[in-house]
Amino acid sequence: MDPCQELRQKHRHWIPVTSCLAGRISIGDRRSASLLSEDDKVVRLRRVSKEVTGKEISFLSRGFVVNFRRLMELQKVFAIIHELIKSTAIAALTLVLAGDVWQLGYSVMFVAILFLIYAFHAAHYDTMDISDYRHLVDLLEDDNGICGGRSIENPNRLLKALSLARTGRRRRAVVIILLFGMLCSGMWTLVGYSWTMELEDTGIWQIGGEFYATLLLVGTLMLIFHAAFEWLYWRETQCVMPVYRSKTGSEPWDPSVHGTPRRFRWFGLPSMWFTSNQAYADLSLWIQHAKGNDGARKVNKVFPEEMALFSLNATGACQLRKTLKSAKLYSVHRGSFLSRAKTALGDLPRASDPEELCVDFVFFDTQSREYLQPEEEYKETQVHALGPALGSSDSPNQPDRSVAMFVQCHLGLEPVASAMAGLSDWPGCSLEPSFAQIQATGGSTGIVLLVLAAVFAAPAFLAPRTGPNVEVDGRVAAIAAGLAPLAVQQPAHAYDSVVAMLQSWLVGGISLVLIYGAAFVAALANPLTKRRMEVKAEVDSMK
């Protein structure tokens, strides 16, 4: 008998069991294969070491590195500090009093300062929430083009979704913290002076009471939390590695070889960094032209934390690597690729290839001291433009993009303008000169005129005058929105939606209420006002 047949005959009682198990395993494999979609495929990370790339790691010359373990921990720390600041601001509203003029003035000043600090904090913390960035990436389209008769792929929509800001934010943050710190120090000096000296408990020396000290303590704690958040934010997200200088020359700093730089030895490596200043500058230049912020105003501050948080998802990391490596220098205003000459940027010659960003994206593992690089995959967008965009045509009769947006912003107000035709002759429609008259009116009458002119008259007055050859000034739009005292020179497309215009009206109204409220409190605190009220009461009693 064949040995195989002899074994089967000997163990024939196991045949039903093995067949059942084989059937279950095959069914499980089919189910797992059917449930595994294309988006759920495992994305592999490959190690990047000197054995692979040679004696020098090439990507360190122009790279963006994410310390992913520290970034995950940093998210938790930022969330805790944010909750502390938010809870302190909410609790502060329950401490205000208005028992007399001094308590009212102190409470108003205290709440105003706390809201300012919270506003600055929220603006920074918003960059740590990338839900808006993810939505923009899905809705935007890559700026693919044709150069020299060739179709050029330009995977730059991840750059178009990034935020930009003017330089000097760190300097403004330091100035604000120092200003409010000096104010807190001065108030604590007065409190300590009133506690240690025997003074008459009247007027400003009432500041030594329990109410004033409690408010001051809450405000000081919130300022400390805000300062800690700002320091941690700038240290962890705005870093460019120094150059390692040796006897043989200089090379990019490699933490796996050269160790931790001196400025990071106390608290460890940051959560993200650029390997060179040139990589940061080129990324800023690419984003400016991709977003259309290449005007006279210098808006070149990048928020790399948006890219870093987006890369914590494996699919996002693959797309980010493709974008940073292959994105071309493209101007959305010109609708063409650009070439960097020695003096200025210009249109790309027909026989030339577009310049790529060429920034390598890698992860750094602090435990193994190894670099990991995601696969270079890219997911095409499912949203496409219907025809040419505004401003992309060379026709002189085509309206400017900002003008078209400004007109669309006011189309919904045409019925209001027709119904309120009598308001078109109001002084508020003459813009700057007439706002001086409204301000001169003062009091509640001036507020009513300003609000009505902003809501009804000014938009209806400006809408018919916008046309293809009219350059809309952002300052005029600000005046039309009721922000005449705060109007500054802004880009022409500053108010590109009805929501933005309504938000500006809301900010203007709140600003006016705060200004007139502060003036009212100051008037009540004025001794002359108090004396006039006493005289008026005596005259009324004599009658």
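The values are calculated or read from the model by the stated rules, or taken from the named source; none is laboratory data. Quick caveat, the model's predicted, so the values are computed rather than measured. Cβ atoms come from the backbone with ideal geometry, glycine included; neighbour counts cover every protein chain shown.
Among the residues of the range 55-64, count how many are more than 21 Å from the chain's Cα centre (by Cα) and modelled with pLDDT of 65 or more. Explain how you work it out, then say what you get.
Our first condition is that a residue be more than 21 Å from the chain's Cα centre (by Cα); within the range 55-64, this holds for 55-63.
Narrowing further to those that are modelled with pLDDT of 65 or more: 58-63.
Within the range 55-64, residues that are more than 21 Å from the chain's Cα centre (by Cα) and modelled with pLDDT of 65 or more number 6.
Within the range 228-255, take every residue that is assigned to a helix (DSSP H, G or I) and in contact with a Leu (Cβ under 7 Å, 6 or more places away or on another chain) and give me the one that is surrounded by the fewest Cβ atoms within 10 Å (Cβ to Cβ). Quick ask: steps written out before the conclusion?
Initially, the range 228-255 is screened for residues assigned to a helix (DSSP H, G or I), giving 228-237, 255.
Subset that is in contact with a Leu (Cβ under 7 Å, 6 or more places away or on another chain): 236, 255.
Details: Glu236: 22, Pro255: 18.
Among residues in the range 228-255 that are assigned to a helix (DSSP H, G or I) and in contact with a Leu (Cβ under 7 Å, 6 or more places away or on another chain), the one surrounded by the fewest Cβ atoms within 10 Å (Cβ to Cβ) is Pro255.
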* To do: State which residue is farthest from Thr315 (Cα to Cα) when the search covers only the range 352-374 and only residues that are at pLDDT 85 or above and charged (D, E, K, R).
  => Glu355
* To do: Could you check how many residues of the range 352-372 are in a strand (DSSP E or B) and surrounded by fewer than 19 Cβ atoms within 10 Å (Cβ to Cβ)?
  => 4
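Within the range 116-128, can one find any residue that is farther than 27 Å from Gly168 by Cβ, at pLDDT 85 or above, assigned by TED's automatic domain parsing to the domain that holds Ala228 and loosely packed, with under 12 Cβ neighbours inside 10 Å? Reasoning before the result, please.
We begin by selecting, within the range 116-128, every residue farther than 27 Å from Gly168 by Cβ; these are none.
No, because not a single residue in the range 116-128 is farther than 27 Å from Gly168 by Cβ, at pLDDT 85 or above, assigned by TED's automatic domain parsing to the domain that holds Ala228 and loosely packed, with under 12 Cβ neighbours inside 10 Å.
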* **Any pair with Cβ under 8 angstrom, 6 or more apart, that starts in the range 111-123 at a residue that is more than 15 Å from Cys184 (Cβ to Cβ) and ends at one that is in a helix (DSSP H, G or I) and of a type in the set (Lys, Arg)** => Tyr118/Lys86
* **Test result for Gly219, touching a Cys at 6+ places or on another chain (Cβ under 7 Å) and either surrounded by fewer than 17 Cβ atoms within 10 Å (Cβ to Cβ) or assigned by TED's automatic domain parsing to the domain that holds Leu309 (or both)** => yes
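So which residues in the range 63-117 are within 30 Å of Ser368 (Cα to Cα) and not aliphatic (A, V, I, L, M)?
First, the residues of the range 63-117 that are within 30 Å of Ser368 (Cα to Cα): 63-81.
Answer for the range 63-117, where residues must be within 30 Å of Ser368 (Cα to Cα) and not aliphatic (A, V, I, L, M): Gly63, Phe64, Asn67, Phe68, Arg69, Arg70, Glu73, Gln75, Lys76, Phe78.
Could you please let me know if Thr381 is part of a loop (DSSP other than H, G, I, E, B) and of a type in the set (Val, Ile, Thr)? Give the steps one after another, and end with the answer.
Details: part of a loop (DSSP other than H, G, I, E, B): yes; of a type in the set (Val, Ile, Thr): yes.
Yes; evaluated as a whole, the condition is true for this residue.
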* Assuming Val52 fulfils every condition listed in (1) at pLDDT below 55; (2) farther than 30 Å from Ser276 by Cβ; (3) out of contact with any helix residue (DSSP H, G or I) (no Cβ under 8 Å at 6 or more places or on another chain); (4) surrounded by 10 or more Cβ atoms within 10 Å (Cβ to Cβ) apart from one, which condition is it? -> (2)
* Answer residue from the range 135-152, given it is closer than 13 Å to Lys379 by Cβ and surrounded by 16 or more Cβ atoms within 10 Å (Cβ to Cβ) and is farthest from the chain's Cα centre (by Cα) among those -> Asp142
* Please tell me if Lys322 is touching a residue at least 12 places away in the same chain (Cβ under 8 Å) and farther than 18 Å from Arg369 by Cα. => yes
